[in-house]
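Structure, as structure tokens:
The values are calculated or read from the model by the stated rules, or taken from the named source; none is laboratory data. Everything numeric in this text was worked out from a predicted model, so none of it was measured. Using ideal geometry, Cβ is built from the backbone for each residue, glycine included, and neighbour counts are taken over all protein chains shown. Ligands, DNA and RNA are stripped out before the accessible areas are found, and what is left, the full protein with its side chains, is counted by its heavy atoms. Shrake-Rupley method; radii C 1.70, N 1.55, O 1.52, S 1.80 Å.
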Amino acid sequence: SGRLTRKTKKLRLNHTAYRLYKVNPAGSAKLIARIKRKTHAAIALVGRSGTATGGTTTIASAYLPKGGRATVQLPASAGAGGYQRVTAVLINADGRVRGSSRYYTRDSRKVKARLK
């Protein structure tokens, strides 16, 4: 879905949907997000170090069972050269429906995210 920077990105996520954003690996590794209340959601930063076939992955994540605000931060990379790639993940993990219908009650939920 593009790049995530220090500028706040506003978006909407439907039920059980997610967005992936590229993050500058040489920049900040702290993600701050706010997801509309009463929404099962999660955020994560995924850092990749080493070669494409033999590298390691480091994940910092937070689950928000009621929405709200969360911050995650990757630890400093132990490998020489730091992370080669960092991805921010924003997730609307809510699949609740109203009664026995197919009306999803947590569609098009507001999300704000930025790096610090």
Worksheet item: Considering only protein heavy atoms, what per residue accessible area in square angstrom results for the chain with a 1.4 angstrom probe?
Response: 62 Å²
Worksheet item: So how many Å³ per residue does the convex hull of the Cα atoms of region 24-105 work out to?
Response: 106 Å³
Worksheet entry | Rounded to whole Hz, the Karplus (6.51, -1.76, 1.60) HN-Hα couplings of region 6-18, x for glycine and proline | 6, 7, 5, 9, 9, 8, 10, 10, 6, 4, 6, 9, 8
Worksheet item: By accessible area of protein heavy atoms, probe 1.4 Å, what ranking do Thr51, Thr105 get, highest first?
Response: Thr51, Thr105
Item to complete: Please sort 84-96, 53-65, 33-45 by packing, taking for each peptide the average over its residues of neighbouring beta carbons within 10 angstrom, highest first.
Response: 33-45, 84-96, 53-65
Fill in: All lysines inside 16 Å of Lys116 as judged from Cα atoms, apart from same-chain residues fewer than 8 positions distant
Lys7, Lys9, Lys10, Lys22, Lys30
Response to the item:
About its Cα centre, the chain carries a charge dipole, from +1 on Lys and Arg Cβ atoms and -1 on Asp and Glu Cβ atoms, whose size in debye to the nearest 20 is 780 debye
Worksheet item: What relative contact order, as a whole-number percentage, does the chain give when Cα pairs under 8 Å and 6 or more residues apart are counted?
Response: 43 percent
